[in-house]
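Notes follow once the structure below has been shown.
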Amino acid sequence: MFAWLGTTDMGGVIQPFLEGVVSGTAITLAASAGAFVIGLGLGIVLLLARISPIAPLRAFVVLWVSLIRGTPALIHMLIAYYMVPALLDISISPVTAGVAALACNTSAYIVEILRGALGTISYGQRSAAYAMGMRATQVWRHVLLPQVIYRAIPPLTSEFTILLKASSLMSIIAVPELATVARNATLQTDLPLQVFAITAAVYFVLLFCISAASRVCERRVSRMLPHGH
C-alpha cells in the first residue's frame, strides 16, 4: 500500500495519517451531525417566529436570515471562536465554537427550507384539523410538522451535505477534523496528491452514504404519513 503512497520508507509518516483519517472522520461526522440537529431545532423555532402574527419576531427572523446568508461561514467561525468569548469573558473549546458557528449558519437555510415545505401544504388541512377541535399545538405536532419534515427531506439532505463539507472550515480554529488531518499530513510528507486523494475519497463515501440514508428515511416517513399526503 505504501508503494502507491510514495515510497515504503514513508510508512512511519503515512501510517499516522491513515490513523488520523479515522479520528478526523469521526470528529467531522460528530460535529456536522451535532450542528445539524441544533440547526434544525433552531430552524423550527425560527419558522414559528417567521409565521407568527408578532411583527418584531418576523422582522428578527428576516434580519437573522439576511445576516447569516449574506456573510461567509468562515466569518461565523471566527466570530464564534474569537469575538464571542472575548465579549462574554468566557473560554470555549474549538469544537464547541465550530459546532455553534455551523449550527447558526445552517439554521438560516433550514428555516427557509421548512417555510417552503410548509407553503406546499394546503390550508384546508389546517382548517379541517381546527374544525375537529384540535388545538394549535396539536395541529402543528400531528398534522403540519410531520408533513413539513417529509417534504423537506431532500433539501435538508442537500443542506447537510453542504454542512459536512463546510465543516472543513473548522481547521481554521485548529479542530482536528478530516481537513485538518490532511493539511497536517501534507506538511509532513511530499505526497499532497495522495493525501488529498484519500481525503476526497473519504468525503465522497460519507456523502454517498448520507444520500442513500436519506432515500431510505424518506420512504419510511412516507409510509408513516396518511395516504394522500
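Listing for the model above:
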| quantity | calculated |
| --- | --- |
| Residue-level accessible surface for Phe204, protein heavy atoms, 1.4 Å, Å² | 140 Å² |
| Residues Arg126 and Thr96, FRET efficiency given R0 of 45 Å [Cβ-Cβ distance, rounded to 0.05] | 0.70 |
| Assigned charges on the beta-carbon of Lys, Arg, Asp, Glu; the chain dipole about Cα centre (debye) | 1260 debye |
| In order through segment 93-101: 3J(HN,Hα) via Karplus (6.51 cos²θ - 1.76 cosθ + 1.60), integer Hz, x for Gly, Pro | 6, x, 5, 4, 5, x, 5, 4, 5 |
| Most to least accessible of Glu112, Glu159, Glu19 (protein chains only, probe 1.4 Å) | Glu19, Glu112, Glu159 |
| 1.4 Å probe accessible area per residue over the chain, in Å² | 54 Å² |
| Kirkwood estimate for the chain, i.e. one over the average of 1/r between Cα atoms, Å | 19.9 Å |
| Thr71 versus Leu87: modelled label distance in nm, points set 7 Å from Cα along the beta carbon direction | 0.8 nm |
| Note, ³J(HN,Hα) from phi for segment 36-50, Karplus 6.51, -1.76, 1.60, rounded to Hz, x at Gly and Pro | 5, 5, 5, x, 5, x, 4, x, 5, 4, 5, 5, 4, 5, 5 |
| Of Leu88, Leu67, Gly41, farthest towards positive along the dipole that unit charges on Lys, Arg, Asp, Glu beta carbons give the chain | Gly41 |
| Options Thr28, Val195, Ala182, ranked by Cα towards positive dipole end of the chain, top entry (Cβ charges) | Thr28 |
| Calculated FRET efficiency for the pair Arg58/Val221, C-beta based, R₀ 25 Å, to 0.05 | 0.30 |
| Per-residue HN-Hα couplings for segment 69-83 [Karplus 6.51, -1.76, 1.60; θ = phi - 60°; Hz; x = Gly/Pro] | 6, x, 10, x, 4, 4, 5, 4, 5, 5, 5, 5, 8, 10, 6 |
| Extension gain (nm, one decimal) between Thr137 and Phe208, 0.36 nm per residue minus Cα-Cα | 21.9 nm |
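The values are calculated or read from the model by the stated rules, or taken from the named source; none is laboratory data. Just so we're clear, the structure is a prediction, and the values are computed from it rather than from any experiment. Every residue, glycine as well, gets a Cβ built from its backbone with ideal geometry; the counts of neighbours run over all protein chains shown. Side chains included, ligands, DNA and RNA excluded: accessible areas come from the protein's heavy atoms. Shrake-Rupley method; radii C 1.70, N 1.55, O 1.52, S 1.80 Å.
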